[in-house]
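Undergrad: Mind looking over this structure? Questions follow.
The values are calculated or read from the model by the stated rules, or taken from the named source; none is laboratory data. All values reported here derive from a predicted model rather than from experimental measurement. For accessibility, only protein heavy atoms count, side chains too; no ligands or nucleic acids. Shrake-Rupley method; radii C 1.70, N 1.55, O 1.52, S 1.80 Å.
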Amino acid sequence: MNKKLVAALSGGAALVLVLTGCGGDDSGNKKKLDDWAKQVCDQMQPQVKKITDANASIATVLNEQDSKKIQQTDSAAFQANVDAYKSLATAVQNAGAPPVKDGESSQKNAVKALNDLSGAYAELKKRVDGLDTGDRSKFGDGLKAIAGDIAKLSGRSDDALKKLQSGDVGKAMSRTPACQKPVGSPSQTKKA
């Protein structure tokens, strides 16, 4: 009953990792870009880990029969995502606009996308907390609806994040150790 939720959350983790390890043209002021990328990436790494850990915790209750335990686990994971996406938005905001053409609008769009994700997970937490754990059928239907909404929000914020990490900014981020994906990570299937 929780498999669709886990699959949908995998998309959310991929969304965060869109900011990491990307290519681009090597022009402009490389030092300023590298400094900007380091500032963002140093703040990102712990938040990405929180999101990954939260989503993994949902997978631990995949075959759980106790609706209350599933509800508690999902609620805690959603709250962790709320906090992590909010922190990511703050990190991008505090770093300032990347020193590239349209950097200010890319930054603004990425901050909005990350704040929107935080708000969406807060809403999902409220919804999962409100599910009736006494009726397994209704509970299962509620989880399916939540999983569908997670899949939708993954796509919503993709564009702004892709724009932020494109071109020279993406190149700078790919050079920054804190933004590089750990070897053997589940999301290592896509190469930068």
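Undergrad: Could you report the stretch 42-164's accessible area per residue, 1.4 Å probe, as an integer in Å²?
TA: 48 Å²
Undergrad: A further question on this structure: Residue by residue through the stretch 51-63, what is 3J(HN,Hα) from phi via Karplus (6.51 cos²θ - 1.76 cosθ + 1.60, θ = phi - 60°)? Round to whole Hz and write x for glycine and proline.
TA: Karplus values, whole Hz, x for Gly and Pro: 5, 4, 5, 4, 5, 5, 5, 5, 5, 5, 10, 3, 9.
Undergrad: Tell me the carbon and sulfur percent of the accessible area for the stretch 53-156, rounded to whole percent, probe radius 1.4 Å.
TA: About 49 percent, which is the carbon plus sulfur part of the accessible surface.
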